[in-house]
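J.: Right, I'll just put the structure down here and ask away after.
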Amino acid sequence: MRTTTIRLRLCGALATVLVAAGIASGPAAQADERPPTLAELAQEHGRYYGSATDNPELTDGPYKALLGSEFDQITPGNGMKWYATEPQQGVFDFAKGDEIVNLARANHQKVRGHTLVWHSQLPGWLTGREWTAPELRAVLKKHIQTEVRHYRGKVFAWDVVNEAFNEDGTYRETVFYKTLGPGYIADSLRWARQADPRVRLYLNDYNIEAVGPKSDAYHRLAKKLKARGVPLDGIGMQAHLALQYGYPTSLEDNLRRFSRLGLDTALTEVDVRMLLPADDAKLATQAQWYRDLTEACLAVRRCVGVTLWDYTDKYSWIPAFFPGEGAALPWDEELRPKPAYFAIREALGDE
Ligand code: G3I
């Protein structure tokens, strides 16, 4: 994509010459001088810049156009989760995920698969009864392998296990942990690898951007898994940040210590919420945080990219989950870019 940007800039220069020579003029020449997108800027650094999206939003034309033009990676916000993909035991429905994958293909975007094993948004048939360990093992293996096989070659990475730890670094007592013990994580990774030898396999969680008990737990687990030859390729840090809790200043060091284990890292679900109403000061701080987190990823070789948890306040999950908070994304509810958007551009080296 380096080529694309260079080509565009040459086009711009060429247009200027042609205009000066009276050979070309007006809008056609100016159209070639469109600024590079976040995706193009990120690609100059060998990274992607992405956004989550969700099926219902795809009827919104202007939203869909920006999603398709500004980003080179998308993540389905809900469409690949267990409740959506296996609504009845053994009956799989990939319609929602497929819609996102097809959109990505049309826009030449990569897809992060999200997510195979999570305690939330599970189907009723799974949560509504007790399971023996052998039963649940079989259910888990089938779910993982059927979904990973379906998306083989179509997603470049999977969040295999999502949110496995508590804040204090103990294992979250999910149905999987309680029934199968902590080994369900290694098993899930192995099953995913069997189903797709090439896809990048991640563990993903929130509040692990800074060095602390929860990210320490991931570091310990990742080290152990790597030592045992379990197929783990990366750690996804969701980065659902909030102005009132402070910026995770150890983010860059933290990314680096996972790189040293031979792992990729990614910022997978970025948003920076604030107490409403937003004002200029809060938006300026938010912009600084987006700048800082983008720079942190660029500073660490194995941080492969950044994904916003949707790109516009119009479709953010925040107001529904944190009443009184919001304005978390770089575009506002009218799809207008906010200071955060320009800060990201600067961090990515836009001239
Ligand atoms: O599908 C139903 C719809 O039929 C119904 O009319 C509507 C009424 O509320 O609800 C719809 O379900 C909603 C679902 O999203 C799909 O839109 C749920 O209520 C809502 O709770 C659910 O929220 C999702 C949330 O995960 C659930 O925990 C968000 O959209 C999604 O962005 C969010 O994503 C998670 C990541 O997967 C993991 N990390 C945290 C992140 C934020 O919570």
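J.: Only one of (1) in contact with a His (Cβ under 7 Å, 6 or more places away or on another chain); (2) within 16 Å of the ligand (Cβ to nearest atom) is not met by L298, so which one is it?
T.: Of the numbered conditions (1) in contact with a His (Cβ under 7 Å, 6 or more places away or on another chain); (2) within 16 Å of the ligand (Cβ to nearest atom), the odd one out for L298 is (2).
J.: Taking into account only those residues within segment 23-56 that are modelled with pLDDT under 95 and in a helix (DSSP H, G or I), which is surrounded by the most Cβ atoms within 10 Å (Cβ to Cβ)?
T.: A29
J.: Here are T59, T127: which of them is farther than 21 Å from V155 by Cα, surrounded by fewer than 16 Cβ atoms within 10 Å (Cβ to Cβ) and touching a residue at least 40 places away in the same chain (Cβ under 8 Å)?
T.: When all the criteria are applied, what remains is T127.
J.: OK, next. Every residue in segment 191-217 that is open to solvent by 60 Å² or more (accessible area, probe 1.4 Å) and either closer than 26 Å to Y151 by Cα or of a type in the set (A, V, I, L, M, F, W, C) (or both), please.
T.: Q194, P197, R198, R200, Y206, V211 - these are the residues of segment 191-217 that are open to solvent by 60 Å² or more (accessible area, probe 1.4 Å) and either closer than 26 Å to Y151 by Cα or of a type in the set (A, V, I, L, M, F, W, C) (or both).
J.: Can you name the residue in segment 218-239 that is open to solvent by 30 Å² or more (accessible area, probe 1.4 Å) and of a type outside the set (K, R) and, of all such residues, is nearest to the ligand (Cβ to nearest atom)?
T.: Step by step, filter segment 218-239, then rank; the result is H219.
J.: Going through segment 177-217 one residue at a time, which ones are in a helix (DSSP H, G or I), away from the ligand (no atom under 16 Å from the Cβ) and within 23 Å of G305 (Cα to Cα)?
T.: L189, A192, R193, D216, A217
J.: Looking at segment 288-311, which of its residues are closer than 30 Å to D60 by Cα, open to solvent by 10 Å² or more (accessible area, probe 1.4 Å) and outside any loop (DSSP other than H, G, I, E, B)?
T.: Q288, W289, R291, V304
The values are calculated or read from the model by the stated rules, or taken from the named source; none is laboratory data. Computed from a predicted structure; not experimentally measured. Please note: Cβ atoms are built from the backbone with ideal geometry, for glycine as well, and neighbour counts cover all protein chains shown. Just so you know, the surface numbers come from the protein's heavy atoms only, side chains and all, with ligands and any DNA or RNA stripped out. Shrake-Rupley method; radii C 1.70, N 1.55, O 1.52, S 1.80 Å.
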